[in-house]
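The values are calculated or read from the model by the stated rules, or taken from the named source; none is laboratory data. Computed from a predicted structure; not experimentally measured. Note: ideal-geometry Cβ built from the backbone for every residue, glycine included; neighbour counts use all protein chains shown. Calculation scope for accessible area: heavy atoms of the full protein, side chains included, ligands and nucleic acids excluded. Shrake-Rupley method; radii C 1.70, N 1.55, O 1.52, S 1.80 Å.
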Amino acid sequence: MEKIQSVAVLTSGGDSPGMNACIRAVTRTAIFNGMKVFGVYRGYEGLVNGELKEFTTEMVSNTIQRGGTILKTARCQSFMTPEGRQKAYENLQKFNIQTLIVIGGNGSLSGAYQLAREYDMPVIGIPGTIDNDITATDNTIGFDTAMQTVVENVDRLRDTCESHARCNVVEVMGRGAGDIALNTAIACGAVAAAIPEVDFDEDACIERIVRLRRGGKRNFIVIVSEGVSGHSEELAKKINDYTKDLAEKENNDRLWVETKFCRLAHTVRGGSPTLGDRLLATRMGVRAVDELLAGNSDLVICEKAGKIVTVPIAYSQVLDRMYKGTLKDGMLDKYSKEEIEQMKLLIEEKKNDFRTTYAMMEQISG
Ligand code: ATP
């Protein structure tokens, strides 16, 4: 087998803290192993338009602690077409690039897989998204930092809630996944959380707030995942109006829990990555280059039970679809009965984890 001489690296889709640590690890591991490294700017958009630059060890210096992505990122419509991918491949050839590492979310990994299939090009995907919505891995790059940022912000809200005897309903990112919301609800001592994976009992949430307020509690935090529609601003209004009516009915001002709404949104995408994300990004970046050097391709680097492992990109995509219930006819054809059973088991375990963690959160919420 001929030794791989060159690799390109890009970040694609939504940015996430830790992407720079990953670019740095890829760059330095590749150079250490005698390879040329090319940074591709603005994700697939830059690949289609030829925005590539050779990277040196020094160029990634002073980046491990920085949020965002030094390579910038984009969503690229033309890469979704065969013509766009053809242009992307031609640009890689122009620079004599043999392999590609893509850091991004599910969509970005699909793009990498398409290119690998159509041009027989070795590619490796690294899960970089704050949402933690890639089923094959326990953690994605940026997830830990996003949670930390939510916790820091909610702690501030809680201080002011305590002063005024208020409630704050906080909507957090996560797309269709409740990972950020559930974990931060536990870590922030929220009274309730609404996530897409578990039915939300709005009445029970309001009853709990009233009961706790009667007992003298002054601060109330409710975390809502953006994946749950109709439960953020509306919920804040409901808690506010219900407790206000109750206060009037019972002629007891103290029962009114004035409720504000806050959407943390993109603020949790930025900032300096946590230690956890720097380590994860570094371990994944190094492993990606090692896999290419070993002659492997079409893999996603994952973390399972604290270990860095790999799964085929195609498997990761199918697993995600199975988890989200969006499988199409024929997608499971190439998998054995045992493999399908294994996937189902994994998904059931993940769903169970959500249910038991949610139950635990409710149990300790007061
Ligand atoms: P995030 O989870 O942060 O949104 P993502 O990687 O899932 O990240 P997407 O917008 O879904 O974000 O995908 C990023 C880019 O990957 C797209 O703009 C497109 O260029 C490419 N891409 C996505 N899906 C495909 C596909 N099926 N085939 C080819 N390219 C794709």
- line: Condition set farther than 14 Å from E362 by Cβ and among the hydrophobic types (A, V, I, L, M, F, W, C), scope region 183-205, selection most open to solvent (accessible area, probe 1.4 Å): answer is A187
- line: Sole miss for R75 among (1) more than 16 Å from the ligand (Cβ to nearest atom); (2) open to solvent by 20 Å² or more (accessible area, probe 1.4 Å); (3) part of a loop (DSSP other than H, G, I, E, B) is condition (1)
message: Given the options L299, L319, L280, L346, name the one that is of a type in the set (A, V, I, L, M) and surrounded by fewer than 19 Cβ atoms within 10 Å (Cβ to Cβ).
response: L346
message: If I filter region 31-71 down to residues being of a type in the set (G, A, S) and more than 17 Å from L100 (Cα to Cα), which single residue comes out as most open to solvent (accessible area, probe 1.4 Å)?
response: S61
- prompt: When both residues are 6+ apart or on different chains and their Cβ atoms are under 7 Å apart, which pairs have a first residue that lies in region 43-64 and is in contact (Cβ under 8 Å) with a residue 40 or more places away in the chain and part of a loop (DSSP other than H, G, I, E, B), and a second that is within 16 Å of the ligand (Cβ to nearest atom) and open to solvent by 10 Å² or more (accessible area, probe 1.4 Å)?
  reply: G50/N91
query: Out of curiosity, is A288 of a type in the set (A, V, I, L, M, F, W, C), open to solvent by 50 Å² or more (accessible area, probe 1.4 Å) and under 30 Å from Q98 (Cα atoms)?
result: no
query: Does any residue of region 158-171 turn out to be within 30 Å of I313 (Cβ to Cβ) and open to solvent by 10 Å² or more (accessible area, probe 1.4 Å)?
result: no
query: Got a number for residues in region 280-304 being of a type in the set (A, V, I, L, M) and either over 19 Å from D15 (Cβ atoms) or assigned to a strand (DSSP E or B) (or both)?
result: 8
query: What pairs can you find where one residue is in region 148-171 and modelled with pLDDT of 95 or more and among the polar types (S, T, N, Q), the other is crowded, with 18+ Cβ neighbours inside 10 Å and in a helix (DSSP H, G or I), and their Cβ atoms are less than 6 Å apart, with a gap of 6+ or different chains?
result: T149/V268; N168/L157; N168/C161
query: Across region 102-132, what is the total count of residues that are within 11 Å of the ligand (Cβ to nearest atom), assigned to a loop (DSSP other than H, G, I, E, B) and either surrounded by fewer than 22 Cβ atoms within 10 Å (Cβ to Cβ) or among the hydrophobic types (A, V, I, L, M, F, W, C) (or both)?
result: 1
message: Which pairs turn up if I take residues in region 18-30 that are open to solvent by less than 10 Å² (accessible area, probe 1.4 Å) and look for partners that are at pLDDT below 95 and of a type outside the set (D, E) with beta carbon separation below 7 Å, at least 6 apart in sequence or on another chain?
response: none
message: Being in contact with a Cys (Cβ under 7 Å, 6 or more places away or on another chain), part of a loop (DSSP other than H, G, I, E, B) and away from the ligand (no atom under 16 Å from the Cβ) is the filter here; which residues of region 133-155 pass it?
response: none
- request: Kindly indicate whether Q93 is open to solvent by 40 Å² or more (accessible area, probe 1.4 Å) and more than 9 Å from the ligand (Cβ to nearest atom).
  value: yes
- request: Look through K344, K351 and report the one residue that is part of a helix (DSSP H, G or I), over 19 Å from the mean Cα position of the chain (by Cα) and not aliphatic (A, V, I, L, M).
  value: K344
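Does at least one position in region 53-68 carry a residue that is within 12 Å of the ligand (Cβ to nearest atom), over 14 Å from G285 (Cβ atoms) and of a type in the set (A, V, I, L, M)?
Within region 53-68 (the criterion being within 12 Å of the ligand (Cβ to nearest atom), over 14 Å from G285 (Cβ atoms) and of a type in the set (A, V, I, L, M)), the answer is no, since none of the residues qualifies.
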query: Scanning region 1-37 for residues that are among the hydroxyl-bearing types (S, T, Y) and in a strand (DSSP E or B), which turns out nearest to the ligand (Cβ to nearest atom)?
result: S12
